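To keep things clear, I will list the structure first and then write my remarks on it.
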Amino acid sequence: MTSSIEALLPSTERALLHRIATAQAEGRVPSLVGAVVRDGRVVWTGSRSCVDGHGPDADTQYRIGSITKTFTAVLVMRLRDEGLLDLGDPLEKHLPGTGVGEATIAQLLCHSAGLAAETPAPWWERTPGSLRPELADVLGERPVLHPAGRRHHYSNTGYTLLGSLIEAVRGVSWQEALRTEILEPLGLHRTGTQPVAPHAGGWAVHPWADVMLPEPGEDLGLMAPAGQLWSTTADLCRFASFLADGDERVLGLGTVREMRTPAVPPEEGDWNGGYGLGLQLVRRGGRTLVGHSGSLPGFLAGLWMSVKDGIGAVVLANATSGPMPGAVAADLVRIVADAEPRIPEPWRPLPEVDAALLELTGPWYWGTYAYGLGVLADRGVELRPLRGQGRAARFRAEADGTWTGLDGYYAGETLRVVRRADGSASHLDLGSFVFTREPYEQGDAVPGGVDEGGWRGL
């Protein structure tokens, strides 16, 4: 028996509306629009505006600032997956003459290349990109502030370099690559480098009086890959779903998972946040969220996805300062996930039984630590401690009869069965660790041997 879970409960919808209404009122922004996506479908949209009867909808464009960086990162990962570059390559290999030393592509993606956060004056977000026609104008005389790879230091200029890298390797403009490789395949028809009506105007709200001032909307030129894009909540919900599930037309799930993996340690004192390859990572209320925040003069944006819950949220506002859309979007995810938790899929048996694999299931011992080996789909296996803490991991089956670790301590490590002359399983070898059927049994292949006296009492 199945049931549709597309529609949210009225109580959940009211809680979502209350959250964005509070954000718009207390944050003093001209307009704010939010949306929630669940299991790939937009299940709620809402907005609040200072003009009665003119609330924005899910098709209204706002500038999304640094959420643009995630799109740029996707383009870089596509080049990697096609074999046109390696993330360990120094930038100079593909884009010589930048003066950023041996900073690698991976370090640029995760903001650990040591580059300065901003361009030389004037403030690039409020001035035309024509003032910085060359990379040298973007980087300035002192582009590197920290040793590469040592710390996370957010860098807008680093993503300008990645945009130029894309152009150098792909042979087309960043905008063209974006359009043909991401926007069109994912159906993001209301996302682009320039606003197309209906779109919001950018405003600054006076900090001490309820009055507004229009903000300039500059074309950022070379800085576009760091923050140029305009988009809608509908488009960004589709993009959030892509960040959860991948799409073979753009990036496979394995690569998207790689982007979501922490690539650098968090800043000192901030152990609830981190950065992957073009994605921000945060922990909120015990829940892991992936996505990005964004801001440009006149606009604020936030996109978060809880992959485990299958729920994402987008919040866009048209003010220079005010509510933090990232915090509001995280709250929208929490409201839905807590009020309407995901209904598990029905348990179903495997389509076929592999007798040889079934024979390996059950308890195994690493020294005196007890583990249980279980079978997963597609001949994968899972190794978990039976008591207390331990190194649990899932393993993918390989064609040669071994398995490769997918997560935790054993990610990438090889698990294999070592058999005796008669074909029976002697032990499991996991990255040189030996797992036997009994703890320290005489005659087992235990490194260092087993004391001949055997087990004894006091």
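Per-residue 3J(HN,Hα) values for the stretch 319-331, derived from phi via the Karplus relation 6.51 cos²θ - 1.76 cosθ + 1.60 with θ = phi - 60°, read 8, 5, 9, x, x, 8, x, x, 5, 5, 4, 4, 5 Hz in sequence order (x marks Gly and Pro). Entry note: the chain has Rg to Rh equal to 1.05, where both radii use alpha-carbon atoms and Rh is the Kirkwood radius. Each of His146, His199 was scored by other Cβ atoms within 10 Å of its Cβ. Listed from fewest to most, they are His146, His199.
For the stretch 97-251, the square roots of the Cα gyration tensor eigenvalues, ordered a ≥ b ≥ c, give a/c of at least 1.5 with a/b no greater than b/c, which places it in the oblate category. As a proxy for reagent exposure, Arg132, Arg142 were ordered by neighbouring Cβ count within 10 angstrom, fewest first; the result is Arg142, Arg132. In loop segments of the stretch 49-125 as defined by DSSP, the GluC sites (Glu not before Pro) with at most 11 further C-beta atoms inside 10 Å of their C-beta are Glu82. DSSP loop trypsin sites (Lys or Arg not before Pro) in the stretch 418-458 with at most 10 other Cβ atoms within 10 Å of their Cβ, which ones? Those that pass, being in a loop and sparsely packed, are Arg420, Arg456.
Helical runs assigned H by DSSP (4 residues or longer) give the chain a calculated mean residue ellipticity at 222 nm of -7000 deg cm²/dmol, each run adding -39500 (n - 2.57) before division by the residue total.
Rg and Dmax over the alpha-carbon atoms of the stretch 81-167 stand at 12.6, 38 Å. Here the Kirkwood formula, the inverse mean of 1/r across different C-alpha pairs, assigns the stretch 355-435 a hydrodynamic radius of 12.7 Å. For the stretch 133-235, the list of chymotrypsin sites (Phe, Trp or Tyr not before Pro) that fall in a loop by DSSP and count at most 11 other C-beta atoms within 10 angstrom reads Trp208. Positive end of the dipole of the stretch 138-242 (Cβ unit charges, origin at the Cα centre): among Gly227, Gly202, Leu162, the Cα lying farthest that way belongs to Leu162.
Normalised by the number of residues in the stretch 299-385, the average gap of Cα pairs under 8 Å and 6 or more apart makes the relative contact order 18 percent. Two numbers describe the Cα atoms of the stretch 14-173: Rg and Dmax, which are 19.8, 55 Å.
Per-residue 3J(HN,Hα) values for the stretch 357-367, derived from phi via the Karplus relation 6.51 cos²θ - 1.76 cosθ + 1.60 with θ = phi - 60°, read 6, 4, 5, 8, 6, x, x, 9, 10, 9, x Hz in sequence order (x marks Gly and Pro).
Take the alpha carbon gyration tensor of the stretch 299-458, find the square roots of its eigenvalues, order them as a ≥ b ≥ c, and report rounded if a/c is under 1.5; if not, report prolate when a/b exceeds b/c, else oblate. Prolate shape, in that a/c is at least 1.5 and a/b is the bigger ratio. Across the stretch 73-80, coupling constants 3J(HN,Hα) worked out from phi with the 6.51/-1.76/1.60 Karplus curve, θ = phi - 60°, read 4, 4, 4, 5, 5, 5, 4, 5 Hz, and Gly and Pro carry x. Simple point charges give the picture: +1 on the Cβ of Lys and Arg, -1 on the Cβ of Asp and Glu, and for the stretch 355-435 a dipole about the Cα centre of about 220 debye. Between rounded, prolate and oblate, where does the stretch 63-112 land on the alpha carbon gyration tensor, with a ≥ b ≥ c its root eigenvalues, rounded for a/c under 1.5, else prolate if a/b exceeds b/c? Note, shape of the stretch 63-112 comes out oblate. Exposure proxy shown here: for Arg19, Arg348, the number of other Cβ atoms within 10 Å sets the order, fewest to most, as Arg348, Arg19. Using Cα-Cα distances under 8 Å and only pairs 6 or more residues apart, what relative contact order does the stretch 10-339 have, in percent? Reported relative contact order: 26 percent. The stretch 15-46 and the stretch 82-103 have Cα centres spaced 41 Å apart. If only the Cβ of Lys and Arg carry +1 and only the Cβ of Asp and Glu carry -1, the dipole of the chain around its Cα centre is close to 740 debye. Between Val282, Tyr62, Pro10, the Cα set farthest toward the positive side of the dipole of the chain (charges on each charged residue's Cβ, about the Cα centre) is that of Pro10.
Bear in mind that the values in this text are calculations on the coordinates, not laboratory data. Only a predicted model underlies this, so the values are computations on that prediction, with no experimental measurement involved. No Cβ is skipped: glycine too gets one built from the backbone with ideal geometry, and neighbour counts run over all protein chains shown.
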